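The values are calculated or read from the model by the stated rules, or taken from the named source; none is laboratory data. Small disclaimer: the values here were computed from a predicted structure and weren't measured. Cβ placement follows ideal geometry from the backbone for every residue including glycine, while neighbour counts extend to all protein chains displayed. All accessible areas refer to the heavy atoms of the entire protein, side chains included, with ligands and DNA or RNA removed. Shrake-Rupley method; radii C 1.70, N 1.55, O 1.52, S 1.80 Å.
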Amino acid sequence: MAQLNTREVEHEITVLAPASTVYRLLAEVENWPRIFPPTVFVDCVERSAEEERIRIWATANGEAKNWTSRRWLDPKALRIDFRQEVSPPPVASMGGAWLIEPLSENESRIRLLHDFRAIDDDPRSLEWIDRAVDSNSRTELAGLKSNIEKATAAAEQNLLMSFTDSVEIDGSAEDVYEFLYQADRWTERLPHVARVSMQEDTPGLQLLEMDTRTKDGSTHTTKSVRVCFPHHRIVYKQTTLPALMALHTGSWELRPQGGGIHATAEHTVVVNTENIARVLGPDADVVRARTFVRDALGANSRATLGHAKAYAEQRNR
């Protein structure tokens, strides 16, 4: 029987952020859509003090994918080990670790370790995996450095904001969810939506492109990846953003309440300071940009929830 051939590789990068901050951003999976550009949503399936099982939804070459991994967290050592439960061919197994090393109070080294094996120990497959891991790791670490530093700066400059809008609906979760899920019908159902293109190759994973009308009559185009959980939740991440946003993630949440539904639209946004003057004028500041974004997104969310309410309550009569 052939000896199993496991390869081990390491990549590293230095970031301008405290080691504790870097570890926290990596450990708390709800941060991943902010720090990993391809990541849309991460759901913790199982969790204990030191171990967790997570399901990840992310984009790859323009497609939406998902997989499940296990992680082992060691906050004292600033280390997170991970292993894929099922690896896609030609990978037989894949695992590794994140190691965070403080260099000073405000600078850290991130080391990313991988170990992997090819199906049937095929040497050509092993070389292919090696090249893919090397390329992906370099790209991932460069993106991680940029986004961790942006996330740290956003927190310091008050650029990160989260908010919600809610409505009570005298109807069923199934009907409200249907309205929100069928985004391809929003041009006929929502006055502020001028155009929609939706692709759903895998049930519950949607690629959504939309032209939205603004108050002055102009339109802007956004692209989103949506992950749908019948009949209670839809989460999304915009991959093409309006000019004033450097990040936008959100969700539609449906919770039974009394005899009806409590429906909530949630948004998390990072303001794009580079475009404030161009969009709002030379005298505008971050406070005005935050207000503008809050008002615009809130108005669209409340309009969508209002039409979803009318749709569900009409069907409940």
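Loop only by DSSP, 10 or fewer other Cβ within 10 Å of the Cβ. Give me the trypsin sites (Lys or Arg not before Pro) in the stretch 56-103 that pass, ordered by residue number. Before the final figure, lay out the partial values.
Working: sites: K65, R70, R71, K76, R79, R83; in loops: K76.
Loop-located and lightly packed - K76.
Could the peptides 33-39, 101-107 be put in order, highest first, of the mean number of other beta-carbon atoms found within 10 Å of their residues?
33-39, 101-107
Okay, which of the stretch 150-178 sit inside 17 Å, backbone N to the point 7 Å along the Cα-Cβ direction of R288?
Flagged as within label range: none.
Go ahead and collect, in residue order, the members of the stretch 282-308 whose backbone nitrogen is under 12 Å from a label point 7 Å along the Cα-Cβ direction of N158.
Correct set: 285-291.
Considering only protein heavy atoms and a 1.4 Å probe, what is the carbon-and-sulfur percentage of the accessible area of the chain?
48
Over the alpha-carbon set of the chain, divide Rg by the Kirkwood Rh and report the Rg/Rh ratio to two decimals.
1.01
Suppose R0 equals 45 Å; then what is the FRET efficiency for D170 and K215 from their Cβ-Cβ distance, rounded to the nearest 0.05?
According to the calculation, E is roughly 0.90.
Would you mind getting the accessible area per residue of the stretch 139-234, heavy atoms of the protein chains only, 1.4 Å probe, in Å²?
Ligands and nucleic acids excluded, the result is 49 Å² per residue.
For N275 and R189 in one chain, what is 0.36 nm times their gap in residues minus the Cα-Cα distance, to one decimal in nm?
27.8 nm
Calculate, for H262 and F229, the FRET efficiency according to 1/(1 + (r/R0)^6) with r their C-beta to C-beta distance and R0 22 Å; round to the nearest 0.05. Display every interim value, and only then the final one.
Working: r = 16 Å, r/R0 = 0.74.
The computed FRET efficiency comes out at 0.85.
For K65, which lysines qualify as cross-link partners when the Cα separation must be under 26 Å and same-chain residues fewer than eight apart are set aside?
K145, K150, K223, K237
How much area per residue is accessible in the stretch 1-81 when the probe is 1.4 Å and only protein heavy atoms are counted (Å²)?
57
Ordered by packing density, taken as the mean number of other Cβ atoms within 10 Å over each peptide's residues, highest first, how do 123-133, 260-270 rank?
Descending packing order for the listed peptides: 260-270, 123-133.
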